[in-house]
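A.B. asks: Following this message is one structure expressed as structure tokens.
Just so you know, all these numbers are worked out from the coordinates, no wet-lab data involved. This structure is a prediction, so every number in the text was calculated from the model and none was measured. Note that each Cβ is placed from the backbone with ideal geometry, even for glycine, and that neighbours are counted across all protein chains shown.
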Amino acid sequence: MSDLAETAAVPRRGRPMPMALTIAGREIREGFRNRWVLATTLLLAALALTLALLGSAPTGTVGASRLDVVTVSLASLTIFLVPLIALLLSHDAIAGEAERGTLLLLLAYPVRRTSVILGKFLGQLAILAFATTLGYGVAALAVGWNLGAAAWAAFAAMVGASILLGGVFLSLGLLASTVVRQRSTAGGIAIGLWLFFVLLYDMAFLGLLVATGGHSLPSLLIDMLLGLNPTDAYRLLTLGMAGTADLTGIGALAGQTALTPPILVSILAAWTAGPLALAAFVFSRREL
Amino acid sequence: MTETTVSLVGVTKRYGAITAVRDLDLDLHSGEIIALVGHNGAGKTTQIKMMLGLARPTTGAVRLLGTDPTGDGFAARAQIGYLPESVSFHLAMTGRETLAFYARLKSLEADCLDPAFAAVGLESAANRTLGTYSKGMRQRLGLAQALLGRPRVLILDEPTSGLDPALRREFYAIVARRAAEGATVLLASHALTEIEGCADRVVVVNCGTKIADGTLDALRATASLPVHVRIRTAGEFEDTGWRRLPDGSFETQVAPHDKLPLLAHLLADPCMIADLTVTEPTLDDLYAHYLQREAA
């Protein structure tokens, strides 16, 4: 042995969590540096402010809390926008690094592949959480801050649920980014996922309800169909919440369903963990 | 004392119907600079991926610092340095941020960064974003990354393609210092001329098979390529065995061991010769020779 052995880096046992956090940290730093965070926050804030200011005009100071109206409007915005942002952010995660040549380098380091997947996910979730909280928070504060604790609690729950929904689509996008080799293919899959879960599924569901007259379907089947789509689970969760339920049509549906908020949160968590675990599995077995 | 740091035994790697590496035996030792030379697609990068544990051999065994790189021989990875071909780091990040990330992945302290920048001559550019770096600077940052933690095995894939000769020499000087300290250095390249004068040992691969392995001098001796001698005559000249060129000079080819006797014969009568040029076979000739021999 040469004297190199003394000066060489002392190899430590690879611990998954700190490596994942290192990768998450880089993801966040890059997100801020390439203006992703800025653009997302501004977009969410601008749309949220528009909805908040337009939405609070008709109700004025009577009836439901003005913040509840904002909460409901923003929940509808989330269903369309947050999955899209999440997919745009995550479809590049693995396929993009592979194209730039940095994936080969990253995996030659003492890093577990599970840590790479987990780190990417955590970093992007932090970016999304930052943008959503700040963007929506600005809109809520624009309406006023002295609006009652219950309304603020409902608002906070909606923001939390939105981040959870974002997590679902981050995880789906990450899976797409892992199973394909090309970034452009991953992008195509991401758009497909968005169209399916956000638009097509609900249109088909609505068609089914109309065709059957809405009453002949057993409620268990309706619950299952709602639970199978994370955006519907989010819809039930936020639009059926106390204080906002009477503002929305789905609030009435929420009254009848067996899907309680804990179940809905579990559904969203499962939709996050499932694709993430699958992505980690596929990635661990992948040859480069 | 030299030890075997990387070893491939009977390694074959197939991707579907394509055989990227065929029945390869290769041992790399500490303190050695090895040039792995072959065309694009000859299987160089596949070999490197197997050494790093990023691809599994279809048959055969790969050992890296005594462990199986695909298995949980995880610790060995902290002791290797790797520079992939055409890597592009995030352009909006600074050099320091980029290198700090890789240092953390190797569990190194942040105080290793300044010496790392100094080693490749980038200390003044460390805090600039990579968007402002030239190609040579980016490649030097890539080398700095590979040198982090004083690795025992350094694997550089096409490290100098696109660099100017001065930069290339500087690059090899850094690498040679590491080899002198006992590290194994593997340089993959598509041309022998790229690695001229810097490798102790040359391994030529073609279509996934090793077709030559030895020092450059040994390869030259085995190939025994003819030397070209060209003369311009001053007087009468017996031109048997010589080819007359359009400009009036003569040229012939001799085997290396006939070169000196021929020169002695020509110079015996110095008045006869106005000028003399001896052209040794170039590295490209040598490389072409081995590839042709394989094709024949």
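A.B. asks: I'd like the GluC sites (Glu not before Pro) in segment B:70-165 restricted to DSSP loop residues with at most 12 other Cβ atoms within 10 Å, sorted by number.
C.D. replies: Sites meeting the loop and neighbour criteria: B:E109.
A.B. asks: May I ask you to evaluate 6.51 cos²θ - 1.76 cosθ + 1.60, the Karplus curve with θ = phi - 60°, for each residue of segment B:199-205 and list the ³J(HN,Hα) values in order in whole Hz, giving x for glycine and proline?
C.D. replies: With coefficients 6.51, -1.76 and 1.60, one gets 9, 6, 8, 10, 10, 9, 10 Hz.
A.B. asks: Enter the Cα centre distance for the pair segment B:105-142 and segment B:254-296, rounded to the nearest angstrom.
C.D. replies: That distance is 46 Å.
A.B. asks: Top mean-square fluctuation among B:M93, B:M272, B:M51, Gaussian network model of chain B, C-alpha springs under 10 Å?
C.D. replies: B:M272
A.B. asks: Translational diffusion coefficient, Stokes-Einstein: compute it for segment B:34-140 using the Kirkwood radius over C-alpha pairs as Rh, at 20 °C and 1.002 mPa s, and state it as an integer in µm² s⁻¹. Could the numbers behind the result be given before it?
C.D. replies: Numbers: Rh = 16.0 Å.
Rounded to a whole number, D works out at 134 µm²/s.
A.B. asks: Output the 0 to 90 degree angle, nearest 10, between the alpha-carbon long axis of helix B:283-295 and the longest principal axis computed from the alpha carbons of chain B.
C.D. replies: 90
A.B. asks: Of the chymotrypsin sites (Phe, Trp or Tyr not before Pro) in segment A:118-200, which ones lie in a loop per DSSP and count no more than 12 other C-beta atoms within 10 Å?
C.D. replies: Listed in order of number, the matching sites are A:W145.
A.B. asks: Once the principal axes of the Cα atoms of segment B:226-280 are found, what is the range along each, listed largest first in whole angstroms?
C.D. replies: 28, 25, 18
A.B. asks: Calculate one ³J(HN,Hα) per residue across segment A:224-236 by plugging θ = phi - 60° into the Karplus curve 6.51 cos²θ - 1.76 cosθ + 1.60, and present them in order as whole Hz with x for glycine and proline.
C.D. replies: Using θ = phi - 60°, the values come out as 5, 5, 5, x, 6, 10, x, 5, 5, 4, 4, 4, 4 Hz.
A.B. asks: I would also like to ask the following. Between A:L206 and B:D68, what FRET efficiency follows from the Cβ-Cβ distance if R0 is 60 Å, with the result rounded to 0.05?
C.D. replies: Using R0 = 60 Å, I get an efficiency of 0.60.
A.B. asks: What whole-number distance in Å separates the alpha-carbon centres of segment A:134-168 and segment B:177-224?
C.D. replies: 64
A.B. asks: Give me the inter-chain shielding for A:18-31: mean count of other chain Cβ atoms within 10 Å, whole number please.
C.D. replies: Per residue, the average neighbour count from other chains is 3.
A.B. asks: Now a separate question. With label points built 7 Å along Cα→Cβ from the Cα atoms of B:A218 and B:D164, find their separation and express it in nm.
C.D. replies: Label-label distance for B:A218 and B:D164, simple model: 3.7 nm.
A.B. asks: Which whole-number value in Å³ per residue fits the convex hull of the alpha carbons of the protein assembly as shown? Don't jump to the answer; show the numbers that get you there.
C.D. replies: On the way: hull volume 128.2 nm³, N = 584.
In the protein assembly as shown, the Cα convex hull volume per residue is 220 Å³.
A.B. asks: Could you work out the pair-distance distribution P(r) of chain B from its alpha-carbon pairs, with 5 angstrom bin width and percents rounded to whole numbers?
C.D. replies: Reading the bins upward from 0: 1, 5, 11, 13, 14, 13, 11, 9, 7, 5, 5, 4, 2, 1, 0, 0.
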